[in-house]
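*Asks:* Just dropping this structure here.
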Amino acid sequence: MAGSCLPVLGAVLLAPVLPRMQEHFADVAGSAALVPLVLTVPALSLALLAPFAGVIVDRLGRKRLLVVATLLYTLFGTVPLYVDSLQGILVSRVLVGVAEAAIMTACTTLIGDYYSGRVRDRYLALQTMCASASATVFFALGGALGGAGWQAPFWLYGIGLLLAPAMARALPTPQPSAGVKREPAAFAADKRPFPVRRMAGICLLTAFGAVVFYTVPVEMSYLLDDLGVDSTGGIGAATAVASAATVLGSVLFTRLTSHPQRRLPVVLLLCAAGFLLMGLSDSLPLLIAGAVVNCVGTGLLLPSLLTLAMSRLDFADRGRGTGLWTSAFFLGEFACPLILLGGKESLGDLGSAVGALGLVTLLLAAAPLLLARRTPTAPLRHAPEQP
């Protein structure tokens, strides 16, 4: 769970200090465009490299890659503490994304290896809960540390030095279940074709789901500004309420029955209803109500998509499959503001763009049913369920 929070740290920790970085590098050519990339380029790097991380996970092993990647995360993440070159910092941020791709893929794959059935579903939901809750904590820490200078938040990347030894000591090396021939994952991955068709539909749906998931966190402050709310305290409170709703959705997920493919249409309808309320809102209470409805839905959506993907993967395929799923999700995260910006330019305002996204979500609510009917379900071999 702690490892799964590390990519979130990179995504939100630096947001409060970007203006200070902008001032520090004001004399650097192109700094107006380059400084924001310090925040966003790890997500793009993660999205592009997660499939390759998945291949390495299946060939070299999950635990070993996780420990090494966590150490590299600290090495690359702390570069701005001793490098005062904007170009050098950007290179280090790309490498942070490489480490994050390996960490996220390995953590999710290990959950799939260690557990099965409802226990696995609960841990995947817990992964979403921890990531959502940590975003709020890291944002606050970044703001507090930023008071000591724009470099101060980068010290938190040192957490990898504490986590890596704990991971090496506490995490068992996963093994295939008793029903699977016990050969090295590298050879198993070489001998069997990867089930591309089985994963294609869920990865496409996941990319769209990431756009839905990140719309409120990315655009809420702009929507509030359109309503005349310019107080940072008010914006922070509204965003915190929405973040809490996401955590609530993840908690609700653990109380639901199985069959995520049957649940997805209802979850997408809930997300769509929230978007439509937000798009139609002309007052602060209605906007917050729409955001809460949407975020409860996204808290259910992310673990539903992930458990559906896991249910389609066998041990020898799990690393590559998780890498593809992670790549799809972070590509959706990267595309989210671009899609809404295009919608805003076409429709005239951001509220209309969010409402249009709600209509598209409403139309795609039927996609999981079509996916379940058209995709053959192969018998999979899972690890024994553990308490």
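The values are calculated or read from the model by the stated rules, or taken from the named source; none is laboratory data. Please read these numbers as outputs of a predicted model, since none were measured by experiment. Cβ placement follows ideal geometry from the backbone for every residue including glycine, while neighbour counts extend to all protein chains displayed.
*Asks:* Name the residues in the stretch 52-85 that are buried (at least 20 other Cβ atoms within 10 Å of the Cβ) and not β-branched (Val, Ile, Thr), would you?
*Replies:* Result: 53, 54, 58, 62, 65, 66, 69, 73, 76, 77, 80.
*Asks:* Here's something else I'd like to know. Based on this model, can you work out whether residue 47 counts as modelled with pLDDT of 85 or more, within 20 Å of the chain's Cα centre (by Cα) and surrounded by 17 or more Cβ atoms within 10 Å (Cβ to Cβ)?
*Replies:* no
*Asks:* A follow-up question, please. Given the criteria at negative phi and either among the hydroxyl-bearing types (Ser, Thr, Tyr) or modelled with pLDDT under 80 (or both), does residue 207 qualify? Step through it out loud before you land on a result.
*Replies:* Numbers: at negative phi: yes; either among the hydroxyl-bearing types (Ser, Thr, Tyr) or modelled with pLDDT under 80 (or both): no.
The answer is no for residue 207.
*Asks:* Take residue 158 and tell me if it is surrounded by fewer than 17 Cβ atoms within 10 Å (Cβ to Cβ), touching a residue at least 60 places away in the same chain (Cβ under 8 Å) and over 22 Å from residue 307 (Cα atoms).
*Replies:* yes
*Asks:* Also: Spot the failing condition for residue 6; the list is (1) at pLDDT 75 or above; (2) more than 17 Å from residue 164 (Cα to Cα), and only one is missed.
*Replies:* The single condition residue 6 does not satisfy is (2).
*Asks:* Step by step: first the residues of the stretch 234-282, then only those that are surrounded by fewer than 17 Cβ atoms within 10 Å (Cβ to Cβ) and closer than 22 Å to residue 343 by Cα, then the one that is modelled with the highest pLDDT. Which residue is that?
*Replies:* Filtering the stretch 234-282 for residues that are surrounded by fewer than 17 Cβ atoms within 10 Å (Cβ to Cβ) and closer than 22 Å to residue 343 by Cα, the one modelled with the highest pLDDT comes out as 269.
*Asks:* Residue check, residue 297 against (1) surrounded by 24 or more Cβ atoms within 10 Å (Cβ to Cβ); (2) more than 19 Å from residue 214 (Cα to Cα), all met but one. Which one?
*Replies:* (2)
*Asks:* Report whether or not residue 132 is out of contact with any strand residue (DSSP E or B) (no Cβ under 8 Å at 6 or more places or on another chain), modelled with pLDDT under 85 and surrounded by fewer than 21 Cβ atoms within 10 Å (Cβ to Cβ). I'd like the intermediate steps shown before the answer.
*Replies:* Values: out of contact with any strand residue (DSSP E or B) (no Cβ under 8 Å at 6 or more places or on another chain): yes; modelled with pLDDT under 85: yes; surrounded by fewer than 21 Cβ atoms within 10 Å (Cβ to Cβ): no.
Judged against the criteria, residue 132 is not a match.
For every residue, the table says whether it meets (1) modelled with pLDDT of 80 or more; (2) within 24 Å of the chain's Cα centre (by Cα).
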| site | (1), (2) |
| --- | --- |
| 24 | yes, no |
| 31 | no, no |
| 52 | no, yes |
| 55 | no, yes |
| 58 | no, yes |
| 68 | yes, yes |
| 85 | yes, no |
| 103 | yes, yes |
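*Asks:* Restricting the search to the stretch 21-38, which residues are farther than 29 Å from residue 165 by Cβ and buried (at least 18 other Cβ atoms within 10 Å of the Cβ)?
*Replies:* Initial filter on the stretch 21-38 (farther than 29 Å from residue 165 by Cβ): 21-37.
Across the stretch 21-38, the qualifying residues are 21, 25, 34, 35.
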